Structures are given as structure tokens and as C-alpha cells.
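Structure first, commentary second.
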Amino acid sequence: MKLLKYKTANETASALIERLLDLMSMDEKKKFHIAFSGGSTPALMFDMWANEYKDDTDWSRLYVYWVDERCVPPEDSDSNYGLMKKLLLDQVPISENQIFRMRGEDDPAQEAKRYTAITLEQMSEVNGFPKFDVVLLGAGDDGHTSSIFPGQEELLTSQEPFVACHNPYNGQERIAMTGHTIINADLVVFLITGENKADVVADIYSSGDTGPAAYIAHHASLVEIFIDDLAGNKL
Ligand code: 6PG
């Protein structure tokens, strides 16, 4: 696990984008399959990518997926796809054929199965789990990641690559990438910023059994945790 700490959230987002672009540049012919988390943290990264790194990115090789989605229509303000579409995907020359949204408006269990099939079609697999180049995660201040919340640890070892699940705090139905799929990725990156994440960052860094995010950080083979000073102030 590699911890990369930067002064501000801006610098952290910029460093992460440059890391991803650097990875893409290592093989100019390779399709790059990356799954993004939602929530509020990645918004800054999406906006910065569209405004400052648009011309540095080979959009013809970037294939975009989601780690999880709220079961709402794409135009809903809660939609992870909707957030990324507005801030990044509508601002850059990426083909629709390279964007694989989770259909939050459809039956969750059926969509989880459909999404599993799509990802297995698009990329190589290991033991029946799709192998993403990068899975980009956030972490909730309760230690959740993807839509795997404390108390739902069985999703960390599910045999299903993607499942229907729910946010236990408000009952909102979700579709989520499960632990084996996340850990299967060539690289797992966390993007965690802000003072309210200082405790969860300290947890993630110090132990592997204090919640789903910590579990992933301690079980994936290559993990890079991008944080700002505020999120790192309890390390
Ligand atoms: C989601 C995310 C989730 C997120 C964390 C952090 O759909 O909510 O995928 O795992 O990464 O909840 O969210 P914030 O960035 O809003 O703190």
C-alpha cells in the first residue's frame, strides 16, 4: 500500500489524473478499462480533468465503467453517472461506445447481472471476475467503499462480480462492484480528501479489519492512496 499525500484537494486530484495518464502512456496501443466511484470527492477530479488535462488524454483508449451506482435515473442528482457525465464525459471527445453506465433506473438484480456480463465481455477475467486496469475508490467516513457498508462484509467475498445492495442508512438501493472484482484490478487507487476523512484514513492505513475500505486496502495487491493534508492529519 502506497500513501501519497498532497497539500490540497486540488493537488491531490491533479496528481491522481497524472498518475492515470502516465499509466496509459506506458502502452500506446492498450485499451484502458477504469472503474470510477461516485460521491462528491471525485467531482473536483472530473472537473479538473475536463479543464486541464483534456488535450493530454487519449480518449480513444479510455473505457469508462462505474464501481457503483445509486438506483436512480441518470438525470437524478444522486446519479454517479450523471455527475461524471456533466463534469467530464460531456466535455471531452470520448465515444459513447466507451462509456458503460450502470442503469440505475432498471431492476437492480437484473442490472447487476447485465453489468457483470458486459464487463466480462469487455476485458480479460481472472477466476470469473473482470480484471480492470484501475479501480478508483472513495471511502465514506464510516469506512465503506464502493457500496459495501460496515455490516455488509459478505460483499467483500461475494462470488458475484457485481450485486444489488443498499445503503443501510437510508435504504437506497444500489448496484455495486464486490470485493473480489475490486481486488482483481491491476491497480486500486483511493481518492480521499477532507478533514472528515482523517479518521477513516488513519484506520485504513493502520489496520485491515476496521471496515470495507481498510479490507480492500490490505488485500489488493497494488494499492495507492491519494490524500490531502486534511485527510492525512491523523496519520
Ligand atoms: C457512492 C460512492 C461511495 C463513495 C464514498 C465517499 O456511490 O457513494 O461510490 O463509495 O466513494 O461514499 O463519498 P464522498 O466522496 O461523497 O465522501
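Over the chain, with the other protein chains present, what is the accessible area per residue in square angstrom, probe 1.4 angstrom?
Ligands and nucleic acids excluded, the figure is 43 Å² per residue.
If each DSSP helix of 4+ residues adds -39,500 (n - 2.57) and the sum is divided by the residues in the chain, what number results at 222 nm, nearest 500 deg cm²/dmol? Intermediate results must be reported in sequence, preceding the final value.
Values: 7 runs with 75 residues, N = 235.
-9500 deg cm²/dmol, from helical runs alone.
What ranking do 70-76, 40-46, 121-127 get when scored by the average of other Cβ atoms within 10 Å per residue, highest first?
On the way: 70-76: 16.9, 40-46: 19.6, 121-127: 12.1.
By packing density, highest mean first, the sequence is 40-46, 70-76, 121-127.
Using Cα pairs under 8 angstrom and six or more residues apart, how large is the relative contact order of the chain, in percent?
Details: 488 pairs, mean separation 56.6, N = 235.
Reported relative contact order: 24 percent.
Where the centre of each part is set by its Cα atoms, how far does segment 156-214 sit from segment 77-107, in angstrom?
So the separation of the two Cα centres works out to 21 Å.
Using Cα pairs closer than 8 Å and at least 6 residues apart in sequence, work out the relative contact order for segment 103-235, in percent.
Details: 262 pairs, mean separation 34.4, N = 133.
Taking the mean separation of contacting Cα pairs over the length of segment 103-235, I get 26 percent.
Classify the chain from the C-alpha gyration tensor, please: rounded if a/c falls under 1.5, else prolate or oblate depending on whether a/b exceeds b/c. Provide the component values of the computation, followed by the final result.
On the way: a/c = 1.31, a/b = 1.02, b/c = 1.28.
Rounded shape, in that the Cα axes give a/c under 1.5.
The values are calculated or read from the model by the stated rules, or taken from the named source; none is laboratory data. Remember, predicted model here, so these are calculated numbers, not experimental data. Glycine gets a Cβ as well: all are built from the backbone with ideal geometry, and neighbour counts include every protein chain shown. Accessible surface areas use protein heavy atoms only, side chains included; no ligands, DNA or RNA. Shrake-Rupley method; radii C 1.70, N 1.55, O 1.52, S 1.80 Å.
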